[in-house]
Amino acid sequence: MSWKARDPVRIGVIGLGRMGQNHVRVLSLLAAADLRFAFDVDQDVARGLSEAAGIAPVADLDAALAGVDAVVIATPTTTHEAYIREAADKVRHIFVEKPVTDRLSTSIAVAEFAAQAGLHVQVGFIERFNPAVRQMKNMLDASEQVVSVDFTRTNKISARITDVDVVTDLMIHDIDLALHLNGPAVDVSAHGVAEGPMIDYAAALLTHRNGRFSRIQASRITDKRMRSIQATCKDMFVDCDLLAKEIMVSRHSGLDQRPGESYRIAAVQERVEVQPREALQLELMAFLDACHDGPEEGVPGLVEGVAAMEVCDRVLQDILQGSS
């Protein structure tokens with residue numbers, strides 16, 4: 001991505017939970033950003049974080065929006081639509097954390113509204129900016145022998161997550177990655193474990209237009225934290241650890257058989273170098289660049305946000321119908 005000398009983007013952050021605080025931290029460090037405000041409905045939180053960031057606390061959000069070029073929305077998912085519509089009265093550039101909204105219907109409504117209003121909206125699919133994912137995409141794009149890609153994401157349920165289930169909280173990251181790496185899906189099937197309307201374990205199979213498969217598993221049941229992608233190809237097996245940002249490739253080099261002995265498959269393992277970069281920093285740099293030049297290819301917007309929600313909706317329907 002280009003990094004040009006120009007006026008910094010005047011920007012504010014709405015919502016100061018864990019992700020909102022991370023946005024404030026990174027934006028405070030970027031020369032391309034001029035952080036003007038950090039707003040939260042909890043005024044004590046907003047005041048403390050604003051003081052720590054060296055910016056004036058804000059009580060009047062409408063007035064604060066009038067003084068910026070762009071805004072980051074990191075509030076609870078159920079409030080995204082309202083904040084997008086409110087921000088659109090003052091700013092054209094909006095970054096909204098994933099998912100776009102908590103439902104497919106409202107996500108579509110937001111996309112239609114944004115198109116009519118001429119908004120530039122980036123959706124916070126941060127894993128696209130994970131250096132390991134970027135390297136893996138380059139490898140898969142260069143191969144014509146990809147058969148299937150498996151995604152695993154587990155995390156113990158957090159007290160801060162009260163408005164979305166495991167599909168729209170965790171699995172949506174890998175749904176977006178599956179579409180990003182393998183292209184559009186033509187069929188979706190899923191099963192899972194639900195306590196009432198809240199799903200805590202989900203597994204989905206996506207069949208893609210290009211013939212590839214994606215198998216996606218997400219869980220908030222176990223304490224073990226995992227973020228992995230494994231690609232089965234005819235010529236190699238790729239194992240990507242998103243937390244460690246490591247990629248290992250196993251390649252078959254042929255059969256080794258000696259007279260009177262059983263054959264052995266000779267394999268070669270190699271570690272692929274991954275540049276150590278913070279995904280959130282890369283993500284926000286892409287947003288700031290797009291405020292000047294428009295989004296580059298591969299930067300997720302509302303089209304990608306709605307596509308991920310369409311698959312989420314299919315997964316939710318399969319699981320809830322199966323558990324009823």
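State in Å² the accessible area per residue of the chain; use a 1.4 Å probe, count heavy atoms of protein chains only, and round to the nearest integer. Display every interim value, and only then the final one.
Values: 15360 Å² over 324 residues.
Each residue of the chain exposes 47 Å² on average to a 1.4 Å probe.
So what is log10(I(q)/I(0)) for the chain at q = 0.09, 0.15, 0.16 1/Å, when the Debye sum runs over its Cα atoms only?
Listed by q, the Debye log ratios stand at -0.51, -1.27, -1.40.
Please build a GNM for the chain, connecting alpha carbons under 10 Å apart, and tell me which residue among 56, 218, 204 fluctuates the most.
For the chain, modelled as a Gaussian network with Cα springs under 10 Å, the answer is 56.
So if I place +1 on the C-beta of Lys and Arg and -1 on the C-beta of Asp and Glu, and nothing else carries charge, what would the dipole magnitude of the chain be about its Cα centre? I want it in debye, nearest 20. Intermediate values should be presented prior to the final figure.
Details: 33 positive and 46 negative charges, 146 e Å.
Here the chain has a charge dipole of around 700 debye.
Work out the FRET efficiency for residue 248 and residue 321 from their Cβ-Cβ distance, taking R0 = 35 Å, and round it to the nearest 0.05.
On the way: r = 39 Å, r/R0 = 1.10.
The pair residue 248/residue 321 has a calculated efficiency of 0.35.
Taking the chain as a Gaussian network, where each spring joins two C-alpha atoms under 10 Å apart, which residue of 174, 89, 69 fluctuates the most?
In the Gaussian network model the winner is 89.
Calculate what fraction, in whole %, of the accessible area of segment 175-251 sits on carbon and sulfur atoms when a 1.4 Å probe is rolled over the protein chains.
Working: 1860 of 3580 Å².
Carbon plus sulfur share of accessible area: 52 percent.
Please compute the modelled spin-label separation between residue 239 and residue 142, points set 7 Å along Cα→Cβ, answer in nm with one decimal.
Each label point is offset 7 Å from its Cα along the Cβ direction, giving 2.1 nm.
At residue 269 and residue 89, where each label point lies 7 Å from the Cα along Cα→Cβ, what is the point-to-point distance in nanometres?
5.9 nm
Could you order peptides 296-305, 310-319 by the average number of other Cβ atoms within 10 Å of their residues, highest first?
On the way: 296-305: 17.0, 310-319: 20.9.
Sorting 296-305, 310-319 by mean packing, highest first, produces 310-319, 296-305.
Given Cα pairs under 8 Å that are at least 6 residues apart, what percent is the relative contact order of the chain? Could the numbers behind the result be given before it?
On the way: 641 pairs, mean separation 57.4, N = 324.
Once divided by the residue count of the chain, the mean separation gives 18 percent.
Starting from the Cα of residue 82, step 7 Å along the direction of its Cβ; do the same at residue 41; then give the gap between the two resulting points in nm.
The answer from the label model is 0.6 nm.
Which of the DSSP-defined H helices in the chain satisfy a minimum axial length of 24 Å, computed from C-alpha atoms, and a minimum mean Kyte-Doolittle hydropathy of 0.0? If you can, show how the numbers build up before the last one.
Numbers: long enough: 302-323 (31 Å, 0.62).
Qualifying helices: 302-323.
Can you say what percent of the DSSP beta bridges in the chain, counting only those with both residues inside, are antiparallel? Round to 5.
Values: 46 of 72 bridges.
If I count the DSSP bridges inside the chain, around 65 percent turn out antiparallel.
The values are calculated or read from the model by the stated rules, or taken from the named source; none is laboratory data. All figures in this text were calculated on a predicted structure; none of them were measured in a lab. Cβ coordinates were reconstructed from backbone atoms using ideal geometry, including for glycine residues, and neighbour counts include every protein chain displayed. All accessible areas refer to the heavy atoms of the entire protein, side chains included, with ligands and DNA or RNA removed. Shrake-Rupley method; radii C 1.70, N 1.55, O 1.52, S 1.80 Å.
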